[in-house]
1. Test Phe328 against the stated conditions and say whether it is of a type outside the set (Gly, Ala, Ser), under 21 Å from the mean Cα position of the chain (by Cα) and outside any helix (DSSP H, G or I).
2. Kindly provide the set of residues from the range 7-24 that are under 12 Å from Ala45 (Cα atoms) and in contact (Cβ under 8 Å) with a residue 60 or more places away in the chain, ordered by number.
3. Could you check the range 159-270 for helices (runs of 4 or more DSSP H) lying wholly inside it with 2 or more residues that are in contact (Cβ under 8 Å) with a residue 60 or more places away in the chain and touching a Leu at 6+ places or on another chain (Cβ under 7 Å)?
4. For the range 302-338, name all the residues that are surrounded by fewer than 20 Cβ atoms within 10 Å (Cβ to Cβ) and polar (S, T, N, Q).
5. Determine whether the range 147-157 contains at least one residue that is in contact with a Gly (Cβ under 9 Å, 6 or more places away or on another chain) and assigned to a helix (DSSP H, G or I).
6. Among the residues of the range 246-269, which ones are surrounded by 14 or more Cβ atoms within 10 Å (Cβ to Cβ) and not β-branched (Val, Ile, Thr)?
7. When you go through (1) within 26 Å of Asp340 (Cβ to Cβ); (2) β-branched (Val, Ile, Thr); (3) touching a Ser or Thr at 6+ places or on another chain (Cβ under 7 Å); (4) not assigned by TED's automatic domain parsing to the domain that holds Asp348 one by one for Ile152, which number turns out not to apply?
8. Among the residues of the range 82-116 satisfying the criterion of being assigned to a loop (DSSP other than H, G, I, E, B) and closer than 26 Å to Asp129 by Cβ, which is farthest from the chain's Cα centre (by Cα)?
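The values are calculated or read from the model by the stated rules, or taken from the named source; none is laboratory data. Worth saying up front: this structure is predicted, and the values here are computed from it rather than measured. Ideal geometry is used to build each Cβ from the backbone, glycine not excepted, and the neighbour counts take in all protein chains shown.
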Amino acid sequence: MFDPGNYTPHYVENLSRALVQSDVSVSLITSPGLFEESWKGLPFAVENLFFQAIGGSAKGFYQRHLILRRARKILSYPAGLWRSWRVLKDRSPGILHVQWALLPFLDAVLIRKLRSRGWRIVYTAHDVDFELSGPIHRWSYRSIYREADAVIVHSTTLRQQLCQANGDVLREVRAIPEGIATFPFSPELDRTTARSRLGLHSHGPVLLFFGYIKPYKGLEYLLQAWARVIRSYPDARLVIAGEGLCSMRPVYHLVDSLNLRGSLVLQIGYIPRSDAQYCFCAADAVVLPYTRIATSSVVPLAYQFARPVIATSVGGLPEIVRDNQTGFLVPPRAEEALADAICRAFCDRERLASMGAYARRWFETERRWDQVARQTTDLYTSLLRENPLDWPQS
């Protein structure tokens with residue numbers, strides 16, 4: 001398993017655990033967690049070969065300085081690739097499952113050299129939308145698609161998009177979904193206690209925006225919609241919880257210009273796994289007003305806590321947010337439609353609870369991690385049975 005940036009530790013941990021339970025030997029190459037300790041007490045080996053200088057005593061500094069952190073990562077990334085080559089080149093060939101390619105044209109070099117030694121390469125395209133978003137990205141990620149023996153995406157929609165754009169270089173693409181989230185959860189935690197923990201003392205409806213704050217997350221459209229919502233529901237509260245990975249000044253300016261301070265709870269900063277439960281248990285619903293996205297790990301997380309999702313109909317979201325069943329879908333960049341959907345959700349909170357319960361049952365039944373692992377091992381097995389001499393040459 002290869003996740004150099006430690007971008008999806010929760011996904012990688014759940015998949016790796018499930019693979020181990022399926023009698024697959026797993027070893028993870030990654031980097032230390034920047035905001036939270038990762039990879040302790042796990043049933044598989046972990047080798048932190050990337051971004052070693054960002055950890056330790058320097059961790060606090062790099063947590064506070066996003067631009068310097070990114071620059072340091074870019075400069076040190078080739079060293080991590082070299083360490084990975086040194087570790088893997090003499091091992092018996094198997095499957096290298098690449099979760100993220102941070103500098104695709106360099107990652108492709110490592111992949112090509114390992115394939116020449118008999119390794120089979122699986123690449124999970126977590127963000128197809130980004131990888132197809134412009135000529136530079138398209139060109140750079142084609143080098144990964146060309147070298148990979150198989151590519152995994154998380155929905156059939158994303159599979160169609162990827163094949164349409166890069167079908168001439170892809171060998172195989174499989175749609176394997178993400179399983180339900182497994183964040184820590186205290187069964188005795190109730191809504192009242194969770195709201196008190198967040199400083200929420202209103203009994204009105206609560207909406208949650210959760211996760212890293214990035215430009216494409218559509219927060220400005222949500223705030224404009226929220227100004228409409230509180231006209232009908234003045235006791236409603238919007239919780240915005242997550243680390244800002246872009247300038248927050250425009251957000252604060254918009255909040256003040258719309259006079260929203262009294263209806264918001266701002267939890268800006270990294271939310272540890274153990275604290276996420278308070279955000280989700282306090283909420284009646286979760287909102288994803290994204291302008292673009294391939295898919296989102298926030299949806300399985302919301303369903304873990306039996307919370308329905310109000311989302312935009314972009315990327316693969318319509319496949320995991322069933323309109324009027326597990327949540328509501330609206331067009332992107334449409335604050336009026338978003339406001340209407342939020343008000344429609346708030347008008348019947350009992351129905352919201354039923355939708356959330358249905359969402360959890362759906363994912364617990366059809367999106368279990370053992371099912372994800374079985375589909376993944378089926379792919380691994382098919383690749384290992386192939387004769388490398390039959391593969392198209394890069």
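1. yes
2. Arg17
3. 219-232
4. Across the range 302-338, the qualifying residues are Ser313, Asn324, Gln325.
5. Yes; the residues of the range 147-157 include at least one that is in contact with a Gly (Cβ under 9 Å, 6 or more places away or on another chain) and assigned to a helix (DSSP H, G or I).
6. Restricting attention to the range 246-269, the residues satisfying the condition of being surrounded by 14 or more Cβ atoms within 10 Å (Cβ to Cβ) are 246, 248, 251, 254-255, 258, 260, 263-268.
Result: Cys246, Met248, Leu254, Leu258, Leu260, Ser263, Leu264, Leu266, Gln267.
7. It fails just one condition, (1).
8. Residues of the range 82-116 assigned to a loop (DSSP other than H, G, I, E, B): 89-94, 99-103, 116.
Retained after the next criterion (residues that are closer than 26 Å to Asp129 by Cβ): 99-103.
Details: Gln99: 11, Trp100: 12, Ala101: 15, Leu102: 15, Leu103: 19 Å.
Among those residues, the one meeting the criterion is Leu103.
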